[in-house]
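**Q** Have a look at this one.
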Amino acid sequence: MFSRFAISLVSLLFDGLAFGMILFLISIGMSITMGVMRVVNLAHCGFAMAGGYLTFMLVTQAQLPFAVAVPLAVVGTMLLGALLERTVYSWIYVQSELGQVLMTIGLTFVMIATANALFGSTIQDIPVPGALRGTFHLGAVGLPVYRLFLIAVSCACAVAIWYVLDRTQVGAKLRAAVDNARMAGCIGMNVKAFFAVTFAIGCGFAGLGGALGADMFPLEPFYALNYLVLVLIVVSVGGLGSIKGTLIAALVLGMIDTLGRYFLPEAGGLVIYLATLVMLLVRPQGLFGRQTT
Amino acid sequence: MNTIVRQLLPAGALPFYRLRLADVLPWVVAIAAFFLFDTYMSIGAQILIMVIFGISLDLALGFAGINTLGHAAFFGVGAYAAGYFSLHVSPEPLSGLLVAGGLAALIGLLSGWLLLRTSGLALLMLTMVTTVVLHEFANSWRSVTGGADGLSGMETAPLLGLFSFDLYGKTAYLYALGVLFVVFFAVRIIANSPFGLSIRGIRENAKRMLLVGTPVHAKLILAYTLSAAIAGVAGGLSAQITRTVSLDLLSFQLSGNILIMLIVGGVGRLYGAFIGIPLYMLLLDRAAAIDPFHWMFFVGIALILLVRFAPGGLLALTAQLYARVRGRLAVNFAKEPQ
């Protein structure tokens with residue numbers, strides 16, 4: 001009895017981990033753009049959706065192998081992000097917070113309508129290659145291989161982001177630009193180009209999350225709105241611009257959500273949202289966010 | 001001096017602004033619609049309810065400058081309160097509205113006291129999360145709210161004991177119009193009162209208002225509570241007229257939609273809700289019948305363009321055009337005698 005409970009707990013925690021890591025991939029770009037550029041980008045989930053749909057198109061229509069399609073989709077999402085950053089977002093940057101919210105909601109609507117026009121309103125599945133199917137048995141616990149792969153990729157991304165931001169010169173420059181954009185510009189950095197590249201990379205991570213997480217976040221046109229609340233909670237609880245915060249918030253949220261659905265199906269959501277509310281009341285800047293005035 | 005004040009403040013800003021002919025127009029249109037389009041009374045009543053909701057959001061967002069993504073919370077609370085009241089206490093509509101407004105005001109007071117110490121992005125997030133919490137709460141407290149099924153089957157007793165609600169929604173339409181009339185003039189008086197001017201000051205510069213001795217936090221809470229009460233009344237009306245209450249009334253989508261509709265019309269002008277909401281809802285009614293996704297595409301584009309080129313909404317846009325045309329005419333007239 002106890003061992004069966006332990007097994008289901010382990011596999012639930014594992015699912016929660018996978019869910020949280022995908023949430024992290026989707027949220028990290030938004031956290032960085034909101035922290036760095038002070039843009040409330042509600043259209044961010046749309047980029048995750050774009051990554052998912054691009055992968056779907058490349059795998060099913062162009063018949064490319066999964067391992068080629070996903071990187072191509074990520075590059076495609078980055079290009080889309082860069083294109084929009086140079087055009088629509090230059091209008092969005094100069095707005096007040098409310099104006100940014102409205103404009104990016106408008107952009108999200110356009111994305112949803114476009115996705116529907118291109119792919120229809122039904123849920124689309126991305127076929128997974130045979131090597132990633134099946135389950136991996138660890139003692140008595142069976143873990144789906146695909147989720148192990150998800151977790152491995154997301155961990156690699158988290159480590160890469162941390163390494164670049166914390167240990168390289170590019171990262172140091174970016175942090176300098178975040179702290180004081182004007183000063184960074186004065187010492188000769190091209191802050192605008194920096195931000196554009198950062199934005200595109202953030203979109204790329206979202207696209208990766210959308211492409212890999214399609215089995216947990218089903219791909220359909222309202223994707224861009226359905227997970228917005230969840231992603232916003234991760235970003236604001238973690239603290240804007242904080243990688244560590246976003247990671248922890250995404251993992252905790254993923255765990256609570258998965259466990260809550262299993263053990264407390266009635267009030268699972270309530271626990272998360274109440275905790276978020278209290279958390280944000282005590283620390284409006286988030287767990288690891290810096291106090292801004 | 002007088003002209004400067006007139007230019008600085010939008011129409012209807014100060015008590016000495018008299019009601020003009022244009023102020024009668026919305027009511028004439030509403031009453032004309034009652035006689036001309038008597039088969040569209042149900043959507044008419046829906047529009048009037050949303051206009052009340054829009055006015056309440058205008059009070060919080062447009063006048064007090066409280067950025068909120070969670071105004072549906074109060075609409076939903078009002079709807080549930082009125083629905084529950086009519087099912088379990090009394091089907092009398094006016095007392096139901098009072099209960100709806102009262103409970104929404106209470107929630108507004110509590111949440112305002114908690115949330116209004118933050119501002120900007122944190123406030124947007126907190127108001128959004130509050131709505132989500134209430135949504136989940138309504139979802140799980142099945143014995144009172146009916147969970148995902150919502151409330152239905154309530155009766156609404158004849159209004160004032162005289163006018164029963166008919167199948168065609170004529171009584172409902174006039175009932176909603178009457179409530180809108182009362183709410184509009186109440187908000188107009190509030191907006192023109194010293195309190196209304198001080199919350200506008202807070203919207204423009206909260207720090208400076210604090211320095212001149214305004215109790216900023218308390219005034220914001222009061223504005224938020226009043227706005228919540230009106231939103232609750234709108235929700236209560238919706239529950240009484242449609243005789244159903246669903247979880248959708250507490251959704252993030254409704255908060256977003258009302259915000260969009262108000263922005264289309266114009267924020268902080270009292271009449272923004274009268275323009276934006278009927279326009280949006282009538283177009284939506286037509287367009288959604290064809291294809292809801294096309295509608296989203298055009299709303300999205302319109303929203304981006306409006307915020308970029310006409311941040312004050314359609315009202316500000318027409319006011320600017322009008323001023324420009326008049327200015328040009330005035331110049332021409334001035335030149336002519338020479």
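**Q** With r defined as the distance between the Cβ atoms of residue B:166 and residue B:326 and R0 fixed at 41 Å, what FRET efficiency is calculated, to the nearest 0.05?
**A** On the way: r = 46 Å, r/R0 = 1.13.
The value I calculate is 0.30.
**Q** Can you give me the pair-distance distribution of the protein assembly as shown, C-alpha pairs, 20 Å bins, whole percents?
**A** 18, 49, 28, 5, 0, 0
**Q** With r defined as the distance between the Cβ atoms of residue A:271 and residue A:86 and R0 fixed at 30 Å, what FRET efficiency is calculated, to the nearest 0.05?
**A** My answer for the efficiency is 0.10.
**Q** Would you calculate the separation in nanometres between label points at residue B:305 and residue B:106, each defined as 7 Å from the Cα along the Cα-to-beta-carbon direction?
**A** Modelled inter-label distance: 4.7 nm.
**Q** On a 0 to 90° scale, report how tilted helix B:120-140 is relative to the longest principal axis of chain B, with both axes built from alpha carbons and the result rounded to the nearest 10.
**A** Approximately 20 degrees, to the nearest 10.
**Q** Further question: Please check which bits of the range B:96-132 a label hung off residue B:186 would reach, taking the label as a point 7 Å along Cα-to-C-beta and the cut-off as backbone N under 16 Å.
**A** B:96-109, by backbone N distance to the label point.
**Q** If exposed trypsin sites (Lys or Arg not before Pro) are those in a DSSP loop with at most 16 other Cβ within 10 Å, what is the longest stretch of chain A that has none?
**A** A:134-289
**Q** Something else: Considering only B:296, B:128, B:209, give the residue with the highest GNM mean-square fluctuation for chain B, with springs between Cα atoms whenever their separation is below 10 Å.
**A** Comparing B:296, B:128, B:209 in the GNM, the peak value goes to B:296.
**Q** Also, quick follow-up: For the pair residue A:131 and residue A:222, how long in nm is the line joining their label points, each one 7 Å along Cα→Cβ?
**A** 3.8 nm
**Q** Right, next: Hey, what angle do you get for helix B:194-204 against the long axis of chain B, alpha-carbon based, 0 to 90 degrees rounded to 10?
**A** It is inclined by approximately 80 degrees.
**Q** Summing -39500 (n - 2.57) over the DSSP H runs of n ≥ 4 in chain B and dividing by its residue number, what mean residue ellipticity at 222 nm do you reach, to the nearest 500 deg cm²/dmol? Write down the numbers at each step before the final one.
**A** Values: 15 runs with 246 residues, N = 338.
Taken over chain B, the calculation gives -24000 deg cm²/dmol.
**Q** Using the basic label-point model (7 angstrom from Cα toward the beta carbon), what is the residue A:264 to residue B:34 distance in nanometres?
**A** Reported label-point gap for residue A:264 and residue B:34 is 5.0 nm.
**Q** Among the complete DSSP H segments of chain A, which ones combine at least 24 Å of alpha-carbon extent along their axis with a mean Kyte-Doolittle hydropathy of 1.0 or more?
**A** Helices passing the filter in chain A: A:2-37, A:44-60, A:66-86, A:97-119, A:145-167, A:191-212, A:243-263.
**Q** In nm, what is the difference between 0.36 nm times the number of residues separating residue B:218 and residue B:114 and their Cα-Cα distance?
**A** 36.3 nm
**Q** Pull out the extension gain between residue B:248 and residue B:197, defined as 0.36 nm times the separation in residues minus the alpha carbon to alpha carbon distance; nm, one decimal.
**A** On the way: separation 51, 0.36 × 51 = 18.36 nm, distance 3.47 nm.
Using 0.36 nm per residue and subtracting the Cα-Cα distance, I get 14.9 nm.
**Q** Still on this structure, please answer the following. Once the Cα atoms of helix B:170-192 and of chain B are each reduced to a long axis, what angle between those two axes, in degrees from 0 to 90 to the nearest 10, is obtained?
**A** Tilt relative to chain B: about 50 degrees.
**Q** Largest first, please: the extent of the C-alpha atoms of chain B along each principal axis, to the nearest Å.
**A** Extents along the principal axes, in whole Å: 78, 52, 42.
**Q** To continue, here is another question. In the range B:109-210, which GluC sites (Glu not before Pro) fall in coil by DSSP and have 16 or fewer other Cβ atoms within 10 Å?
**A** B:155
**Q** Rounded to whole Å and sorted largest first, what semi-axes of the equivalent ellipsoid does the C-alpha gyration tensor of the range B:21-145 yield via the square root of 5 times each eigenvalue?
**A** Ellipsoid half-lengths, sorted descending, are 29, 22, 12 Å.
**Q** Based on the Cβ-Cβ distance from residue A:97 to residue A:5, what FRET efficiency comes out when R0 is 30 Å, to the nearest 0.05?
**A** After rounding to 0.05, the efficiency reads 0.05.
**Q** Another question, if that's okay. What does the C-alpha gyration tensor say about the overall shape of the range A:24-223? Classify as rounded when a/c is under 1.5, otherwise prolate if a/b is larger than b/c, or oblate. Please report the intermediate quantities before stating the final value.
**A** Values: a/c = 2.30, a/b = 1.41, b/c = 1.63.
In terms of gyration-tensor shape, oblate.
**Q** Now for a separate question. Could you point to the residue in A:121, A:146, A:178 farthest towards the positive end of the range A:116-182's charge dipole, with +1 and -1 charges on the Cβ of Lys/Arg and Asp/Glu respectively?
**A** Checking the options against the dipole of the range A:116-182, the answer is A:178.
Every read-out reported here was derived from the displayed coordinates using simple, explicitly stated rules and does not represent laboratory data. Quantities reported herein were computed from a predicted structural model and do not represent experimental measurements. Quick reminder, even Gly has a Cβ in these numbers, built from the backbone with ideal geometry, and neighbours come from all protein chains shown.
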